[in-house]
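A short worksheet on the structure shown next.
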């Protein structure tokens, strides 16, 4: 059988199931990664499984999100994470070493490996040929304990890249074009496999930009072949032994195909407030800009910063705006300094931030009230920047620098003849900020600060659930809407009772009060409910508040799984028109759940007691997921299986 690249990797790691789209498969996981905003909870869950040591080939704990230490909480969490890593055989990337996806690509990414990460942008490592998937922290904890990762087998879509990028057009414009065509829902249930002659012109960091932002399509992951460019990158990282060539069989079949002629692309930009609100830069030229930010896990490589420095050489940024630059890793920091690029950035008036997520997650550098910020980031959801009425645009670093020079949104092609910055044949490599696995871990004491609270759980699924509709929402509700990030809220990630006070805080400040007064209840959403981040707190905190049911037109993959993992029933309207007449305050009743989750039917009747009217809802659960829901969540189910 001729196989595509994804099928080859899944077949080599298949534990259960058939590689048929829509069927459940279980795959062995080689590597895991966590970051500090999701990691504390993931490791609390791992500890609860009472496994003496991680069973993966490689697990890495990164600190890159909660870097502002305005209180004890973040520092205590970092100390906890370091001690857990030492105790259980996990590599630990210290604060300041860099953004997890950039560092993992540099130091650990491996062609053909499976990587599961508790961050939605884990697919970045698809740029080096890994099958890299984002998931909730509990799924990652199970993988660290030796369990397989279960998923519905996605459709494999070939993305044919033809031709070659013209000057000032970048890899970022390729993924923005994908979003323009397919939208934030266009990748749900799919893996994008890039191929074609245009692939050969893209370096690994450029490929990583594309696979990183494939998360915004809703895709399970995205992947590139491992070829000569991959080997060149691994040689520059001084780990060529990690290379193995990977390519699809000639004549391999795909479920669908997208064709992009790189010769026809032009600089693109995503307007507020969605990554798929994409237009050519020239359509919004002249818009006044207050802030420019270069960085994030999408565009903070040596290549990105070197290009920015070369454009800025001998110039000053426009006096009416601020510009920040974030090196994606300590390695990038070292190398832009060594090359002289760092001095050019500083001389131009840019503010240099530490190697961390920073403004991408609202951790500092919030724009001014109503301000326009052009960012080389991956998300521009309303309020994510820390300023609710900010207008955030997403672009390539080249376009962002053009805006910084002119003070208005500017097509970078106006800056003159384009250029490419060659990648060094070798990078300065210093891994001293990555702490290796401890040789004698048994004596390691796990350090827990007062902000780290016990993991909340719920009991088995009830036979009948009733409750009030606490909130009704529209389409494309993000996990940022459900569980906001930012400097005020992120430090509470290991304290569910405290962080639960902020559920839907930026959407409806009275939501938590209603949930507490009513003893929990139901949530109604539109299409693509829960898109965005993998943060399981968007399911865990609602579970703590007593949410029993989320009823939507459709769900984003990771959030749907997280709801199941924490015992919240996610159902979809059998008839989408029934969404229209549901209202906040209606009382819903769902009976016969044991039978519903035990037999072969996928439809259940729900009673709207307020309107004295019944309607039907459906699910897409596998047999295993039904058992998880009956047990009250994945942790309960895993413990029962172990027993």
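The values are calculated or read from the model by the stated rules, or taken from the named source; none is laboratory data. No experiment lies behind these values; they were computed from the predicted model shown. For neighbour counting, all protein chains shown are included, and Cβ atoms are generated from backbone atoms with ideal geometry for every residue, glycine included.
Provide a single number: the residues in region 251-289 that are under 17 Å from residue 318 (Cβ atoms) and either assigned to a strand (DSSP E or B) or assigned by TED's automatic domain parsing to the domain that holds residue 120 (or both). Of the residues in region 251-289, 1 are under 17 Å from residue 318 (Cβ atoms) and either assigned to a strand (DSSP E or B) or assigned by TED's automatic domain parsing to the domain that holds residue 120 (or both).
The sole residue among 27, 51 that is in contact with a strand residue (DSSP E or B) (Cβ under 9 Å, 6 or more places away or on another chain) and over 30 Å from residue 362 (Cβ atoms) is 27.
Please go through region 123-137 and pick out each residue that is under 14 Å from residue 207 (Cα atoms) and either assigned to a strand (DSSP E or B) or in contact with a helix residue (DSSP H, G or I) (Cβ under 7 Å, 6 or more places away or on another chain) (or both). Can you show your working first?
Taking region 123-137 first, the residues under 14 Å from residue 207 (Cα atoms) are 123-132.
123, 124, 125, 126, 127, 128, 129, 131, 132 - these are the residues of region 123-137 that are under 14 Å from residue 207 (Cα atoms) and either assigned to a strand (DSSP E or B) or in contact with a helix residue (DSSP H, G or I) (Cβ under 7 Å, 6 or more places away or on another chain) (or both).
For region 453-470, state whether one or more residues are part of a helix (DSSP H, G or I) and in contact with a strand residue (DSSP E or B) (Cβ under 8 Å, 6 or more places away or on another chain). Within region 453-470, none of the residues are part of a helix (DSSP H, G or I) and in contact with a strand residue (DSSP E or B) (Cβ under 8 Å, 6 or more places away or on another chain). When each of 232, 209 is tested for being surrounded by fewer than 23 Cβ atoms within 10 Å (Cβ to Cβ), modelled with pLDDT of 95 or more and within 28 Å of residue 330 (Cα to Cα), the lone residue that passes is 232.
Of all residues in region 290-305, none satisfies being over 25 Å from the mean Cα position of the chain (by Cα), modelled with pLDDT of 95 or more and not in a loop (DSSP other than H, G, I, E, B).
Among residues belonging to region 568-587 that are more than 33 Å from the chain's Cα centre (by Cα) and crowded, with 16+ Cβ neighbours inside 10 Å, point out the one that is farthest from residue 465 (Cα to Cα). Here the answer is 586. Scanning region 343-365 for residues that are closer than 21 Å to residue 406 by Cα and either in contact with a strand residue (DSSP E or B) (Cβ under 7 Å, 6 or more places away or on another chain) or at pLDDT below 95 (or both) gives 345, 346, 349, 350, 351, 352, 365. When each of 169, 184, 140 is tested for being assigned to a loop (DSSP other than H, G, I, E, B), within 17 Å of the chain's Cα centre (by Cα) and modelled with pLDDT of 95 or more, the lone residue that passes is 184. Could you please let me know if residue 438 is farther than 23 Å from residue 507 by Cβ, part of a loop (DSSP other than H, G, I, E, B) and touching a helix residue (DSSP H, G or I) at 6+ places or on another chain (Cβ under 6 Å)? Against the criterion (farther than 23 Å from residue 507 by Cβ, part of a loop (DSSP other than H, G, I, E, B) and touching a helix residue (DSSP H, G or I) at 6+ places or on another chain (Cβ under 6 Å)), residue 438 qualifies.
Among the residues making up region 101-120, those that are surrounded by 24 or more Cβ atoms within 10 Å (Cβ to Cβ) and not in a loop (DSSP other than H, G, I, E, B) are 101, 102, 103, 104, 105, 106, 114, 115, 116, 117.
Against the numbered list (1) at negative phi; (2) out of contact with any strand residue (DSSP E or B) (no Cβ under 6 Å at 6 or more places or on another chain); (3) part of a loop (DSSP other than H, G, I, E, B), residue 238 comes up short only at (1). Given the criteria touching a residue at least 60 places away in the same chain (Cβ under 8 Å) and either in the same structural domain as residue 523 (by TED's automatic domain parsing) or under 24 Å from residue 139 (Cα atoms) (or both), does residue 612 qualify? No: the conditions fail for residue 612. Residue-level check: of (1) in a strand (DSSP E or B); (2) surrounded by 23 or more Cβ atoms within 10 Å (Cβ to Cβ), residue 150 misses just (2). Pairs meeting the criteria (first residue in region 421-450 and farther than 21 Å from residue 87 by Cβ, second residue part of a loop (DSSP other than H, G, I, E, B), beta carbons under 8 Å, at least 6 apart or on different chains) are 423/203; 426/238; 427/237; 427/238; 429/237; 429/238.
With respect to the conditions (1) crowded, with 17+ Cβ neighbours inside 10 Å; (2) on the phi > 0 side of the Ramachandran plot, residue 519 falls short on a single one, namely (1). Within region 384-429, the set of residues being under 27 Å from the mean Cα position of the chain (by Cα), in the same structural domain as residue 277 (by TED's automatic domain parsing) and surrounded by fewer than 19 Cβ atoms within 10 Å (Cβ to Cβ) comprises 388, 389.
Table: residues versus (1) without any contact (Cβ under 8 Å) to a residue 12 or more places away in the chain; (2) exposed (fewer than 15 other Cβ atoms within 10 Å of the Cβ); (3) over 30 Å from residue 479 (Cβ atoms).
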residue: 248; (1), (2), (3): no, no, yes
residue: 259; (1), (2), (3): no, yes, yes
residue: 262; (1), (2), (3): no, no, yes
residue: 298; (1), (2), (3): no, no, no
residue: 309; (1), (2), (3): no, no, yes
residue: 318; (1), (2), (3): no, no, yes
residue: 344; (1), (2), (3): no, no, yes
